[in-house]
1. Could you work out the Rg to Rh ratio of the stretch 644-727, with Rh taken as the Kirkwood radius (inverse of the mean 1/r over all Cα pairs)?
2. Which percent of the accessible heavy-atom area of the chain goes to carbon and sulfur, probe 1.4 angstrom?
3. What are the semi-axes of the equivalent ellipsoid for the stretch 182-300, taken as the square roots of 5 times the Cα gyration tensor eigenvalues, largest first, in whole Å?
4. With an 8 Å cut-off on Cα pairs and a minimum separation of 6 or more residues, tell me the relative contact order of the stretch 229-269 in percent.
5. What does the extension gain come out to for SER389 and TYR721, with contour length at 0.36 nm per residue minus their alpha carbon separation?
6. Run through the DSSP bridge list for the stretch 67-223 and note the antiparallel percent, rounded to the nearest 5.
7. Can you list which of the trypsin sites (Lys or Arg not before Pro) found in the stretch 628-709 are DSSP loop residues with at most 15 other C-beta atoms within 10 Å?
8. Just to be sure I understand the model, the point goes 7 Å from the Cα along the line to the Cβ. What's the resulting SER488 to ALA575 distance in nm?
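The values are calculated or read from the model by the stated rules, or taken from the named source; none is laboratory data. The model shown is predicted, which means the values in this text are computed figures rather than measured ones. No Cβ is skipped: glycine too gets one built from the backbone with ideal geometry, and neighbour counts run over all protein chains shown. The area values use the complete protein model at the heavy-atom level, side chains included, leaving out ligands, DNA and RNA. Shrake-Rupley method; radii C 1.70, N 1.55, O 1.52, S 1.80 Å.
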Amino acid sequence: MSKLLPLKSYDDFLGIIAQFLQLRDIPMDIREEFLKFFESKKHERVASAPLVPDDATLLFNNAGMVPFKPIFTGEVPVPHNPRAASCQTCVRAGGKHNDLENVGHTARHHTFFEMLGNFSFGDYFKAEAIDYAWEFVTEVVKLDKSILWVTVHESDDEAFELWQKHVAKDRIVRLGDKDNFWQMGDTGPCGPCSEIFVDQGAEHFNGPEDYMGGDGDRFLEIWNLVFMQYERTKVGDEIVQKSLPKPSIDTGMGLERITAIKEGVKSNYDSSLFMPIIRHVEKLIGKEYIYATGASYRVIADHIRTATFLLAQGTNFSNEGRGYVLRRILRRAVRHGYLLGFREPFMFKLVDTLVSIMGGEYDYLSSKAAAVKEQIELEEARFFRTIESGIELFNAELANTKEIFSGEVAFKLYDTFGFPLDLTEDMLKDKNLTIDTAKFDALMSEQRTRAKAAWKGSGDEAVHGDFKELLEKFGENTFVGYEFTAASGEVLALLNSEFKHVESLACEDEGWVLLDKTPFYAESGGQCGDMGELAGFAKVEDTKKFFGLNLSKIKALKEIKVGDIVESVVDTSRAEIAKHHSATHLLHAVLFDVLGEHISQAGSLVEPDRLRFDFSHPKAMSQEEIMEVERRVNAQIFRAIASNTQVMDIESAKKSGAKAQFGEKYGDEVRVVSFGDASVEFCGGTHVKNTSDIGMFIITKESGVSAGVRRIEAICSAAAYEFVSAQRSLIRDVQAELKNLDMMAGIARLKSNIKELKEELVAAQNAVKVEINVENINGVSVVIEELTSGDIKEKIDELKNQHESLCAILFQVKDDKVLIAAGVKGSSVKAGDWIKVVAPVLGGGGGGRPDFAQAGGKDASKLPEAKVAAREFITKALA
């Protein structure tokens, strides 16, 4: 063992620690190193924005610059510090940017990834951006300079010269617009870009596209530096490009790629970000992961990241929008699990492994893990049942296949039942059958075209206007609504309905007003925006926030001008909103106590006459649970607990045990609203001074929103009184109809009367019972009859009890329509097949099980023909 040398400085100590970590083979935390590096370059560290963006044109945040887009486009002013750095979580699995189908089959495609980026908003430009990038990759990450290459735009002589400070001229490649020019759209900021590449070695990649600028994997792009130096505007029918007075920088480097390069592996999936998940899948299924045949493992490892982050951030499974994309991602992973051999939920078991990898950076993953696992397990279980239905369709088509399996059925298996094409191909391998892939590809192309045409963004309305001008001139206005519901203030600015600045609004005009101080609460955190009036000037119809500006939507009662002094009065509905909002807090706390600590808020809505609260829970609440929750909330109301509001720093607020909601934007200081020991939450909304002000709380409905998410709808105060009043009126009406003040006794008497009438009806029907004609065809009893009364399904059951082997089909005409029921016992004939032949004759359709099927027909005049068709089918089937 070498002799230990004395430490002469703190740097020596750090050096020893660094060597120790390298010996221990602990991966570098590149995310943290990147953010620390740019903080040293005077950049503001910006936390990752939610995956669901403020940008209404996007389904998800799909790039690091998205949260900064309003700054780059000039919609809002440049922040105090014009330099920023972030590690932004991104999803590309829907809309224009969609990597879903490539995931698992390439070394670097992901639906979820982290984008490292540094940004300059009109501050530094090309020279500094290039120097910073080179310093980070060579001095911090310590990549070998000899494997680094650079591209620049073919016209960018400046960047070409600047790079020669670091890289030999023969390793700087000029490329055209396709590779090295970036633009946000047809108009807006744009400019050339420069990319840093890593040569992964000819010994590993030597295909025809493995050259610098080719589509092969030998030269891997790791960092894109965008030089926003131009702006394109539309003048008439032409696009005009001009230089920006203050050009900006937008860079992006995929954390997964740089981590793989640093760790010396050729695929992102072989890095420390993915391998623990892949090893867990390997352990669960009991099969070794081999890269060449392991696409399914990689799909699962990628998709559990996407599903977990989206669920933890509040996106839920659904059949539309973001929730549908989430459902497709999870189901795609389950399909690949099925391909590996899983036959029951397994994805939820991977969540804890993911949390162990990423929970340190994203602490909400840990707090939401239990709820996320429940939601995933429920969705998996539901889909595994769907897969079994797909297997039935597969087997039915297989019976009719001689050489080539139907491409149409293969597509239906993919589109309806979620079978990937490779799953269907794998199931056909041992049968030596192939698929009509041409037909499958054609149908897939049609579907993609329809999906692209149908996708219109998030579904929200994109808002653009003169907000930057207002922010630069006035800054954010002051909200005084916590203390006052009326205030005198100055009209700082007016916007028309298109959010363009105007000096005045005429009588009956609609627009938006910016007041220097406003008592109107802007829609946020589930609470609706305030209404009210600008006394004598305008009616306030709504209040919203735009880039931090509190703006009220108004309809002018007379001309209103910039500079007018107005008296702002909040509508009395504010008091009812506050009551419902405070009731929501009490409900949240009670659900936590009654149902368990897995409860996590998944959404809310607070209005003057109702509240809605979505929460994670694996099953419907029982009636007893609903009643207990309602009882406990009312008990807290009746305790008359005073509210307490404190403004504290965010870390102190977290330590206090206050519940926070992901996606809400909290500053360094937060508002914490508490009701004694009953509830403590982060909240910027308006509340009652005492729980007794709420009056009364009534749950009106409990329902499911999606797998693992339940919804409670409730009312309180005036709305609760109206509800109770309506119920009392209904009770009086029912008593009058029953002619009995004791409603239960009246209902019991009615039920007894109904029972007697049913018995009399059955006796009457039996008295005129039609004689059923039973034939014998090859030892099977066959019935083809029309019944004028009675229950044909019950008659089928009765006939089955009377015969060992039976094929029966019964018809009954009701209101010009025909009911059909078929039953089979002790025969290979399938009732569903029989129905499918007969029902179309009557202009109808139906189906069912092999032993029982039913259908309806629209044309009673065709009944004789239907009987003939029924007889022909059964005679042939039993021959």
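1. Values: Rg = 16.1 Å, Rh = 15.2 Å.
Rg/Rh for the stretch 644-727 comes to 1.06.
2. Carbon with sulfur: 50 percent of the solvent-accessible area.
3. Ellipsoid semi-axes (Å, largest first): 40, 17, 14.
4. On the way: 29 pairs, mean separation 11.0, N = 41.
After rounding, I find 27 percent.
5. Value of the extension gain: 114.6 nm.
6. 85
7. Numbers: sites: ARG631, ARG632, ARG639, LYS654, LYS655, LYS659, LYS665, ARG671, LYS689, LYS701; in loops: ARG639, LYS665, LYS689.
Sites meeting the loop and neighbour criteria: ARG639, LYS665, LYS689.
8. Label at SER488, label at ALA575, 2.5 nm between them.
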